[in-house]
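First the structure, in the form of structure tokens, and then the observations on it.
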Amino acid sequence: MGQIVRLQAFLSRRVVTPQGIRPGAVLVRGERIEAVVGPGEVPADATCEDFGHDALLPGLVDSHVHINEPGRTEWEGFRTATRAAAAGGYTMLVDMPLNCVPATTTVAGLEAKRQAAQGQCRVDWAAWGGVVQGNQEEIEPMARAGVLGFKCFLVHPGIDEFTMVCERDLRDALLYVARSGMPLLVHAELPGPIDAATNALRSADWRRYATYLQSRPDEAELAAIEFMLGLCREYSFRLHIVHLATGMALEKLRTARAEGLPVSVETCPHYLHLDAEKVADGATQNKCAPPIRSRANREQLWQGLRDGVIDFVVTDHSPCPPTMKKLDEGSFRDAWGGIASLSLALPVMWTEARHRGFELSDIVRWMAEKPAKLAGCERRKGQLAAEYDADFVVFDPETKFTVTEDRLHQRHALSPYLGETLSGVVKRTYLRGREVFCDGKFPGECTGREFSD
């Protein structure tokens, strides 16, 4: 006889479901959710755990993460990235194809990543494949091998193993991308406006944040988005704009949606929380690309979320060793661009969203449901509903805390959020019914695995 799998009931007065926020219980048998029921409908044979007024959210999905392993594990790695993810309420990560060596631009690169991930993951993961110069023949094999879609850069990404693409490269690749039915994620900045701005700033003081901001103008994003929308019209592929930083592009994207183009858009917590007016000169922990823009621009992005022009929010978790941030020099020209925020993204977003009249259901839509849809895992991840993986988060929305290094859990305790007071504490995270984070600890084995539908 097979082993009987017991029924577990996880109760809360605030269960965030696709139908709204209500008192209830998530019934779990094995690794899947069996049902979400009212508090009076829990079967008598269920083992119960009641979280009271703490909210139950589905496990968050981050479709834009740089894990950097294999090859640059000293920057981050599967063990540390997934640990930080579990502490932040994430139960599914999709890894970007660059910053690892080899880059995930071939099936062999994907297999190297799978080998590196073995036995190290606190949460589930999957991979994007890369579109680079001359690898168009690799696109369909990577799709068959299990990548969830593809990523390209229109500007130099900062490392040499992953080449940027020009119009000719894209035209070589887009027939294959369109035929796969998978999305193409685009870092949408064109080099022309950046090169022109940077050349004009050669004698400028690169310790000043204003200098860096001028070197990555809005026009670089605007021109890139317009260019990609034109290709989308021509090739009818699924276009996704990553880390939108300029509010000036929103009307152009709104028009493209009305036209019926298959385009989706993400932004990041740092663009919705930080602003250029508060970035101190020399504070290179704030450097990212595209850059953090003005306070007025930030509010435009919030309006884009409210209007649905921006679909969702991801971290673009992009860590590096502290020396690469050039904190001693404070040079925004020479520092690595990237912000690591897997363990803090939920409280950062909730801190900002609650003051603008949003609810936890909005957070779930932006940080679980919609990213899962982009990644093609929306039938298993991103919702508290029957037949979904039993991934969920116990979240206290009321408690405030000060960000200290011990709350980061990534490889290097470097963050622009250090010292800030945020609202909302992740108390526990469950992956497929098992507790993987609890009050600062990481119980049990590393049971995360590559997602396969």
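The values are calculated or read from the model by the stated rules, or taken from the named source; none is laboratory data. These numbers were taken from a predicted model, which means no experiment stands behind them. Methodologically, a virtual Cβ is constructed for each residue, glycine included, from the backbone with ideal geometry; neighbour enumeration extends over all protein chains shown. Ligands, DNA and RNA are excluded from the accessible area calculation, which covers all protein heavy atoms including side chains. Shrake-Rupley method; radii C 1.70, N 1.55, O 1.52, S 1.80 Å.
The tail of the calculated P(r) for the range 16-89, taken as Cα-Cα distances beyond 15 Å, holds 67 percent of the pairs.
Among 188, 322, 228, flag the residue with its Cα farthest along the positive direction of the charge dipole of the chain, charges on Cβ as +1 for Lys/Arg and -1 for Asp/Glu. Comparing the listed Cα positions along the dipole, 322 ranks first. With the dipole of the chain worked out from charges on the C-beta (+1 for Lys and Arg, -1 for Asp and Glu) around the Cα centre, which of 59, 284, 240 lies farthest toward the positive end? With unit charges placed on the Cβ atoms, the residue in question is 59.
Indicate, rounded to the nearest 5 percent, the antiparallel portion of the DSSP beta bridges found entirely in the chain.
If I count the DSSP bridges inside the chain, around 50 percent turn out antiparallel.
With n ≥ 4 as the cut-off for DSSP H runs, can you work out [θ] at 222 nm for the chain, using -39500 (n - 2.57) per run divided by the number of residues, rounded to the nearest 500? Spell out each step's value before the answer.
Working: 13 runs with 124 residues, N = 453.
Mean residue ellipticity at 222 nm (helix-derived): -8000 deg cm²/dmol.
Based on alpha carbons, the Rg and Dmax found for the range 182-308 are 15.1, 46 Å.
Give me Rg/Rg_expected for the chain, where Rg uses Cα atoms only and Rg_expected = 2.2 N^0.38 Å with N residues. Write down the numbers at each step before the final one.
Values: Rg = 21.3 Å, N = 453, 2.2 N^0.38 = 22.5 Å.
Here the Cα radius of gyration is 0.95 times the empirical estimate.
The range 246-349: Rg/Rh from Cα coordinates, Kirkwood Rh? Numbers along the way, then the final one.
Numbers: Rg = 15.1 Å, Rh = 14.8 Å.
The Rg/Rh ratio comes out at 1.02.
For the range 334-453, the Cα gyration tensor yields ellipsoid semi-axes of 24, 18, 16 Å (square root of five times each eigenvalue, largest first, whole Å).
At a 1.4 Å probe radius, carbon and sulfur cover how many percent of the accessible area of the chain?
Working: 8030 of 16990 Å².
On the chain, the fraction of accessible area on carbon and sulfur atoms equals 47 percent.
May I ask for the percentage of alpha-carbon pairs in the range 96-198 that lie more than 16 Å from each other? Mind showing how you got there, number by number?
Details: 2941 of 5253 pairs.
Result: 56 percent of Cα pairs exceed 16 Å.
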